[in-house]
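Step one of this worksheet: look at the structure below.
The values are calculated or read from the model by the stated rules, or taken from the named source; none is laboratory data. This one's a predicted model, so the numbers in the text were calculated from it and none came from an experiment. Glycine gets a Cβ as well: all are built from the backbone with ideal geometry, and neighbour counts include every protein chain shown.
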Amino acid sequence: MNVRKLITASLALVTAAGLLAACGDDGGGSSGGSGGTATIQVGSQYEPQNLDNTAGGGQGVTEALNGNVYEGLFKLTDTGTVEPLLAKSNKVSDDGLTYTFTLQPDVKFHSGKALTSADVKAGIERVTADNSKSSRKSNLEVVKSIATPDDATVVVTLSSRSISFIYNLSYVWIVNSQAKDYTTTADGTGPYKLGQWKRGSTLTLTKFDGYWGTPAKNAGVVFHYFTDATALNNALLTNAVDVVTSEQSPDALAQFSNNSSYKITNGKSTTKLLLAFNDKVAPFDKVEVRQAVSRAIDDKKLLNSIWGDYGTPIGSMVPPTDPWYEDLTTVNAYDPASAKQLLARAGLPNGFSFTLDTPNYDPHPTAATFLKSELAKVGITVTINTITADQWYTKVYQKHDFTATMQEHVNDRDVVFYGNPDFYFGYDNKQVTTEINQAEQAKTADGQTALLKQANKTIAEQAASDWLYLYPQIVVASAKLSGYPVNGLNAQFFAYGIVKS
Amino acid sequence: MIRYLVRRTAILIGSLFFAAVALFVLLRLLPGDPANALLPVGATPEQIEAARRELGTDASLPAQFGSWLHDLATLDLGTSLISTLPVGPEITARLPVTVPLTLAAFVLAVLVAVPVGVLAAARADRWYGPVLNAIAQLGIAVPAFWLGLLLVTVFALRLRVLPAGGFPPDGWGDPGPAAQALVLPVVTVALVMSASLIRYVRTATLEVLGADHLRTARALGASPVQAMVRHGLRNAAVPVISVLAMELATTFLGAVVVESVFALPGLGGLLVRAISQHDYPVIQGVMLVSTATVLVVGFLGDLAQRVADPRLLRRGAS
């Protein structure tokens, strides 16, 4: 009798707890309001490590703060063009070594301090400093000196011509030179100021009323961070977030594509999946062998099996948003018959065997299995060696101890890696190296583009690597949302144009 | 009692030290280098060396261990290699999620397990006794993250009565949404925990039910329930207390596992991320706090047991 009562009571308690919890709203975390009063809830898998992009803050810090909280002298737009931002005008000397920038007037930091040339100098020097961990550090090594003749003028002198200098400046945050702590606080000139950062959970940006440019079209943004892709998609399905900046799970797309409450955009990423050969090691030191392998793999079929209708075959290292892009998918295109001929010509009529070092996370294991079966058809035997990201970094990237590997390269404008024979690809073509170096010294953007196009063509023809496909950049958003960036170049996510109806 | 306390405390401190050494050594045996996680692709060997020097991972293992112990002695858990932020505050910031989650799940698990376990034992001769036991068996085999996903699908995605995950940006500032965010994780952990608890309670109850003093009480005219309440429960309680202490510790670890399914900013999320980045100070900090919690709870459990049954104390002291 008592036992039964006890059970009834505890069951009632559990039910009551459940009901009580259910009494709230429909699980939505989305703040109310629309138009300029709405707060946009953004879902992402890239939480910043800290808030400093020169101290290992990671991809997440670029996504949340670049262009939103911090601004540069220039900005890289979502379509891949470079536009002036805090630089009102710039003059380049005839020898291409001296850049004179005039700053936008009346720009204020979130703390209230006015922007001066000293802040620009501090921003550039933070990237080039000894302890800087910025991935752009080597690009700015050409900076010889920075002078600040007055508050509104910055004069940068380079040690050699650098046509990419303006583009590289789009990654340099202009910071308050008097700021002390960059890792947990932020003081930029952008349309949003940093609100609260709840580590492991959310980062809040609020509209900055003193912004010098066009103000943000919403009241603020909350970035919600997830380590698990399923949890992130569930948050979108339950309206806890309004938009997912970069969908990483192809399998999750079906639940959004058949639903009119969501919009999927198929943007252009800069992330390439590479079958990278060690071009210094037999048999991949032979151009014919590399070409044969490239022609034996049906890239389109691979892309389709992983991403369905999303993603793009590109046939080279250059993504469509780079100025020197050309469709090179017809170079070394899928053609198993000619692959066999090439192998015979290389003295390997019966094929050969090699080990493929494959990172253990998606999509590499799946892609490796696909490659193995494709290459078996032309007599090449692949042994798949699955390794962790760390092992990859040490074994392949640092020690060059590999025959072939698979890896994704995320940056734009990174075809220049093929100009460096010491890079892990081991691609060593004097002509290409010269072209890539000359491109950086070019006097005009057109000159640079022509040289890089030429270099890229050679690299593609010689099958320096096999560029399997370009990842899609998929943004999934509530149908009520508009004005969000779709390409997310270099992980930037400009939030100021987003409107919620 | 005092002798026992002193000895037990010494064991506790010794275990903690041993755990610290084991943690430190095991972590360093893992392949990989935190400098890699910190630097972008394109970093030169010089940059990698510089990063190692800066992180202190270029020093010898004994030197690294020494400085870690030294910091620990002053309650300083060090600085994250990746975020460059101090580990101590990072951990305390996560406790407002993990601690309520653990305690609520534990209480709920006990509330479910005790009556069900007693019933499964007392009614072993009816059809539902064995059925309850079988369900508990099944429950032990179910992984917590899978159960979590299932509950999310039903209650969050289908019925839309509860959030699928996440935690409000202002934390417990507004207790309503915060409590709501914890309902599914709590139920997930509690269900998994109660499954194993039910079997302990059932076994303990069966043992007591078959005991001589209970049969005597029945012979003297007490009803089964009266006999159970007056003479049985107290005797069944002793083994159950030690199990409860163990279960509380397990619940804590279960909570840490389930946090990533529900995107909760607790210790679990911190740990998962730190492991993927080889962030030694953070991993060590979280593991040490977890290990200490488990050991202290076990210690308190032992004490409670001896208070409930003083005979154990005499046995322990002899």
Identify all residues within segment A:389-423 that are acidic (D, E) and out of contact with any helix residue (DSSP H, G or I) (no Cβ under 9 Å at 6 or more places or on another chain); write none if there are none.
A:D414, A:D422
What are the residues in segment B:155-180 that are of a type in the set (A, V, I, L, M, F, W, C), facing chain A (nearest Cβ under 9 Å) and within 20 Å of B:T102 (Cα to Cα), if any?
B:L162, B:A164, B:F167, B:A179
Taking the residues in segment A:440-469 that are among the aliphatic types (A, V, I, L, M) and modelled with pLDDT under 95 as candidates, determine which candidate is nearest to A:K272 (Cα to Cα).
A:A445
Filter segment A:168-190 down to the residues that are acidic (D, E) and away from chain B (no Cβ under 14 Å) and list them by number.
A:D187
Across segment A:217-247, the tally of residues that are within 8 Å of chain B (Cβ to nearest Cβ) and closer than 16 Å to B:R273 by Cβ stands at 7
Qualifying position, being of a type outside the set (S, T, N, Q), outside any strand (DSSP E or B) and farther than 21 Å from A:T270 by Cα, among A:D412, A:D401:
A:D401
Identify, by number, the condition in (1) farther than 26 Å from B:M246 by Cβ; (2) away from every other protein chain (no Cβ under 13 Å) that B:I140 doesn't meet.
(1)
With the requirement that a residue be in a loop (DSSP other than H, G, I, E, B) and within 12 Å of chain A (Cβ to nearest Cβ), what does segment B:70-96 give you?
B:S80, B:L81, B:I82, B:S83, B:T84, B:L85
Residue ranges of strands (runs of 3 or more DSSP E) in segment A:79-174 with at least 1 members of a type in the set (S, T, Y):
A:87-92, A:98-103, A:143-150, A:153-158
Give the residues of segment B:110-169 that are in a helix (DSSP H, G or I) and among the charged types (D, E, K, R), sorted by residue number.
B:R158
Picking from B:L29, B:L111, B:L85, B:L103, which residue would you name as being free of Cβ contacts under 8 Å to residues at least 12 places away in the same chain, out of contact with any helix residue (DSSP H, G or I) (no Cβ under 7 Å at 6 or more places or on another chain) and within 30 Å of B:I135 (Cβ to Cβ)?
B:L103
Test: A:F354 is assigned to a strand (DSSP E or B), away from every other protein chain (no Cβ under 13 Å) and surrounded by 19 or more Cβ atoms within 10 Å (Cβ to Cβ):
yes
Of everything in segment B:170-203, what is in a helix (DSSP H, G or I) and more than 23 Å from B:V142 (Cα to Cα)? Give them in sequence order.
B:G171, B:W172, B:G173, B:P175, B:G176, B:P177, B:A178, B:A179, B:Q180
Only one of A:K193, A:K144 is under 25 Å from the mean Cα position of the chain (by Cα), more than 14 Å from every other protein chain (Cβ to nearest Cβ) and of a type in the set (K, R). Can you tell me which?
A:K193
